[in-house]
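The block underneath contains the structure these notes are about, expressed in structure tokens.
The values are calculated or read from the model by the stated rules, or taken from the named source; none is laboratory data. Computed from a prediction, not measured in an experiment: that's the story for all the values here. Backbone-built Cβ (ideal geometry, glycine too); neighbour counts: all protein chains shown. To get the accessible areas, we keep the full protein, side chains included, count just its heavy atoms, and leave off ligands, DNA and RNA. Shrake-Rupley method; radii C 1.70, N 1.55, O 1.52, S 1.80 Å.
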Number of protein chains: 2
Amino acid sequence: MASGGGVDEVRNKQVILKDYVSGFPKESDMYLNASGTIKLKVPESSNAILVKNMYLSCDPYMRGRMKQPIPGNETYIEPFKPGSPIVGNGVAKVLDSGHPDFKKGDLIWGVTGWEEYSLITATQTLFKIHHTDVPLSYYTGLLGMPGITAYAGFYEICSPKKGEHVFISAASGAVGQLVGQLAKLLGCYVVGSAGSKEKVDLLKNKFGFNEAFNYKEEPDLHEALKRYFPEGIDIYFENVGGKMLDAVLLNVRAHGRIAVCGMISQYNLEHPEGVHNLMTVIWKRVRIEGFVCDEYCHLFPKFLELVLPYIKEGKITYVEDVAEGLESAPAALIGLFTGRNVGKQVVVVARE
Amino acid sequence: MASGGGVDEVRNKQVILKDYVSGFPKESDMYLNASGTIKLKVPESSNAILVKNMYLSCDPYMRGRMKQPIPGNETYIEPFKPGSPIVGNGVAKVLDSGHPDFKKGDLIWGVTGWEEYSLITATQTLFKIHHTDVPLSYYTGLLGMPGITAYAGFYEICSPKKGEHVFISAASGAVGQLVGQLAKLLGCYVVGSAGSKEKVDLLKNKFGFNEAFNYKEEPDLHEALKRYFPEGIDIYFENVGGKMLDAVLLNVRAHGRIAVCGMISQYNLEHPEGVHNLMTVIWKRVRIEGFVCDEYCHLFPKFLELVLPYIKEGKITYVEDVAEGLESAPAALIGLFTGRNVGKQVVVVARE
């Protein structure tokens, strides 16, 4: 039974956002508060749950939440609160529950805090974890929000057909690696771009992309894409924006589709770069469509049904970059924006 | 019976493209050749038709056809041929026919030459005119290619719903004036932009737009749109591109749709302007979609069925800017790019 009375408090380390961030974020925009405490019980007559956080997810969209909101021009998600812990997706274990749907010992994934323990009131956003014969950390990536993002973005937005030519930027990232594998399983020709030789090797040798290239070594992205897509691009899964989008627009095929998942190259710029080749959308009758995974959560059961067997058969694989300890979380998050991470960036707070 | 033998030749004035054009086109990029002649009979055993041109259509997309083609980066339509007459849509009367579907006296609209008489071999692109109780020149505009463009762009690309907030740029042009009236008839809130007081007056007083503004008098397009769309834009019918698109992206509502019909502000620039606010397509889950009317010609009968009664009931009206004589055609075409025309730009070659 939920009761807060007479329970000892334990330490609860937290990663706190110092203040709103403009420009390139730094580790010092956050700090570790090691002096906080928490009672490991939900307050009486609350229907919240109290969880022990295990794995935290570092995602590029979190950069947007560090920004000072501009009145009248809010984004789809509210900003972080300076002085409070960062919030994001994570995997956690229920220690106490005032909610009929959750009980002690349940594993969940969803929105939690960057801290050792969290009291979660918005339980409607959580998913219970039923399949534990896969790494639990996958619920921050392959089987979590990035997974649904890849699935919904590819199947719902890209309208893919067998044999089509698919290009994915930031292709070794949390979302890209799955999009590429889904596209390959459908019978598409798949090319990815990434920012290092190691990532390019992963794309070609681990994820089975047809081709991959290091965008940092390409003096002319337009020429690079022409080389890999002499007949043009049917589908572009957009994760980076800016110059890459401009180059894709010059190489897109008639009736091409561009699913805009993210534009990480633009998130830290004071003024976003200009995209110059949009006239192509007329000539080539292109559809550019933005989406956010929050609107596709209802597809989660269908998504699991598709992906779990593939994982067990070894037909879908996943690479994670695991940072140890809450202390490492700020650097792990910042690392996304320099491309330091190889694969999905996870922070381990506790393994059980 | 079609026969070229023993038939006298008549004079056939033509408007010739001198050479490929870069930058802003000038009247002197074309010239009138008054010395040509033509036989008013189709050659023996040809299935072409010989027509007398009556009304010629000046359309912004024609600028793209004046450009030197870039190998490997062709647009959806082939360039004009320097030294040959301009080609475009027009209304014409059949004088002789080698084709079973056409006979002497038929009125047609479709692709013809900028000349007094044309021998048309690509007869599959022509439409026969069955309704002559409307001005024949309408088949270059309201009932022609711009009409289908407005109809397909609005109904097929914008997915409009009653009560939605619709913004149209170049709104008094050949396409925009019809889009606005279709949107009003559906029960939308409709605002248009144009480049002069006269055009703004037309939008508000003749076409029944809820509001209209002169973009040239707005120091900040973002603020102007905020003023007319305090709750945001659901549908943007894009005819101009560049800065206007950037301002719309800052004012678009969640799940907004942008139908990209044209980007006339960009056609004469050596380097198109950059569009900076594309990140909004993610946050607001926006769809941007380009289209060309050629892919919607099958809708023409359905379109006529909708629009003809509205015209007869006075519920849809149309404004044309009529230039007299083939000699005036080059200036009329160039005038599109300075916004000189008020309404659909037509050139009369002959009234019967």
Do any chymotrypsin sites (Phe, Trp or Tyr not before Pro) in the range B:30-123 lie in a loop, going by DSSP, with at most 16 other beta-carbon atoms within 10 Å of their beta carbon, and if so which?
B:76
Return the lysines within reach of residue B:315: Cα separation strictly under 16 angstrom, same-chain partners fewer than 8 residues apart disregarded; answer none if there are no such residues.
B:184, B:204, B:206
How big is the range A:145-294 in terms of Cα radius of gyration and Dmax, in angstroms?
13.8, 40
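Accessible area lost on pairing B with A, both sides, 1.4 Å probe, Å² to nearest 100? All intermediate terms of the calculation are to be shown ahead of the outcome.
Details: alone 15760 and 15700 Å², together 28370 Å².
Adding both sides of the contact gives about 3100 Å².
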Taking every pair of distinct Cα atoms and averaging 1/r, then inverting, what Kirkwood hydrodynamic radius in Å comes out for chain A?
21.1 Å
Collect residues whose amide H, placed 1.01 Å from N in the peptide plane, falls under 5 Å from the amide H of residue B:212; neighbours closer than 5 in sequence don't count.
B:192
Can you give the FRET efficiency for residue B:317 and residue A:52, using 1/(1 + (r/R0)^6), R0 = 51 Å, r = Cβ-Cβ distance, to the nearest 0.05?
0.15
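Relative contact order for chain A: what percent, with Cα pairs under 8 Å and sequence separation of 6 or more?
Taking the mean separation of contacting Cα pairs over the length of chain A, I get 17 percent.
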Unit charges on C-beta of K, R, D, E only; dipole of chain A, Debye:
500 debye
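Using a Förster distance of 22 Å, how high is the FRET efficiency between residue A:121 and residue A:8, based on the Cβ-Cβ distance and rounded to 0.05?
Details: r = 22 Å, r/R0 = 1.01.
That pair, residue A:121 with residue A:8, gives E of 0.50.
Using unit Cβ charges (K, R positive; D, E negative) and no other charged atoms, how large, in debye to the nearest 20, is the dipole of the protein assembly as shown about its Cα centre? Don't skip to the end; give the middle numbers.
On the way: 74 positive and 80 negative charges, 133 e Å.
Charge dipole, the protein assembly as shown, about its Cα centre: 640 debye, nearest 20.
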When the label point is put 7 Å from the Cα of residue B:68 along its Cα-to-beta-carbon vector, which residues of the range B:253-295 have a backbone N closer than 18 Å?
B:268-272
Given an 8 Å cut-off on Cα distances and at least 6 residues of separation, report the relative contact order of the range A:145-294 as a percent.
22 percent
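Which length gain, in nm to one decimal place, applies between residue B:205 and residue B:34 when the Cα-Cα distance is subtracted from 0.36 nm times their residue separation?
Working: separation 171, 0.36 × 171 = 61.56 nm, distance 4.23 nm.
Taking residue B:205 through residue B:34 to full extension adds about 57.3 nm, to one decimal.
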Rg [Å, one decimal], Dmax [Å, integer] - the protein assembly as shown, C-alpha atoms:
30.2, 115
Taking the DSSP beta bridges in the protein assembly as shown as the whole, what percent of them are antiparallel, to the nearest 5?
60 percent
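Given a Förster radius of 56 Å and the C-beta distance between residue A:26 and residue B:26 as r, what FRET efficiency does 1/(1 + (r/R0)^6) yield to the nearest 0.05? Let's see the in-between values first.
On the way: r = 54 Å, r/R0 = 0.97.
Calculated value: 0.55.
Where the only charges are on Cβ atoms (+1 Lys, Arg; -1 Asp, Glu), what is the dipole of the range B:1-144 about its Cα centre, to the nearest 20 debye? All intermediate terms of the calculation are to be shown ahead of the outcome.
Numbers: 15 positive and 15 negative charges, 22 e Å.
Dipole magnitude for the range B:1-144 comes out near 100 debye.
Using helices alone, I'd like the mean residue ellipticity at 222 nm for the protein assembly as shown: each DSSP H run of four-plus residues gives -39500 (n - 2.57), total over residue count, nearest 500.
Details: 18 runs with 138 residues, N = 704.
About -5000 deg cm²/dmol.
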Could you check the spin-label model distance between residue B:134 and residue B:340? Points 7 Å from the Cα along Cα→Cβ, value in nm.
2.8 nm
How large is ³J(HN,Hα), in whole Hz, for each residue of the range B:145-154 in order, when computed from phi with the Karplus curve 6.51 cos²θ - 1.76 cosθ + 1.60 and θ = phi - 60°, using x for Gly and Pro?
4, x, x, 5, 4, 5, 5, 5, x, 6
For residue A:128, list the lysines whose Cα falls under 22 Å from its own Cα; do not include residues on the same chain fewer than 8 positions away.
A:41, A:52, A:93, A:103, A:104, A:302, A:312, A:344
What full-extension length gain, to one decimal in nm, is calculated for residue A:270 and residue A:305 as 0.36 nm per residue of separation minus the Cα-Cα distance?
8.4 nm
Within 10 Å of each Cβ of A:289-297, how many other protein chain Cβ atoms are there on average?
4
Considering only C-alpha atoms, what is the centroid distance from the range B:264-296 to the range B:83-113, in Å?
34 Å
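Using a 1.4 Å probe on the protein chains only, how many percent of the accessible area of the protein assembly as shown belongs to carbon and sulfur? Please report the intermediate quantities before stating the final value.
Working: 14460 of 28370 Å².
Roughly 51 percent of what the probe reaches on the protein assembly as shown is carbon or sulfur.
What GluC sites (Glu not before Pro) in the range B:188-288 are in a loop by DSSP, with at most 13 other Cβ atoms within 10 Å of the Cβ?
On the way: sites: B:198, B:211, B:217, B:223, B:231, B:238, B:270, B:273; in loops: B:231, B:270, B:273.
Counting only loop positions with at most 13 other Cβ atoms within 10 Å, the GluC sites (Glu not before Pro) in the range B:188-288 are B:231, B:270.
Considering Cα pairs under 8 angstrom that are at least six residues apart, work out the relative contact order of the range A:271-347 and quote it in whole percent. Write down the numbers at each step before the final one.
Details: 40 pairs, mean separation 18.1, N = 77.
The value is 23 percent.
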Phi angles of the range B:335-347, converted by Karplus (6.51 cos²θ - 1.76 cosθ + 1.60, θ = phi - 60°) into ³J(HN,Hα) in whole Hz with x for Gly and Pro, give x, 4, 8, 10, x, 5, 5, 10, x, 4, 8, 10, 10
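Counting only other chains, and only Cβ atoms inside 10 Å, what mean value do you get across the residues of B:264-276?
The per-residue average across the peptide is 3.
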Residues in the range A:265-303 near a label at residue A:223, defined as backbone nitrogen under 15 Å from the 7 Å Cα→Cβ point?
none
Residue farthest toward the positive end of the dipole of the protein assembly as shown, with Cβ of Lys/Arg at +1 and Asp/Glu at -1: which of B:181, B:37, B:82?
B:181
Equivalent ellipsoid, the range A:45-148 (semi-axes from 5 times Cα gyration tensor eigenvalues, Å):
25, 17, 11
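In the range B:128-166, what trypsin sites (Lys or Arg not before Pro) fall in a loop by DSSP, with at most 14 other Cβ atoms inside 10 Å? All intermediate terms of the calculation are to be shown ahead of the outcome.
Working: sites: B:128, B:161, B:162; in loops: B:161, B:162.
Here the trypsin sites (Lys or Arg not before Pro) that fit, given the DSSP loop and packing criteria, are B:161, B:162.
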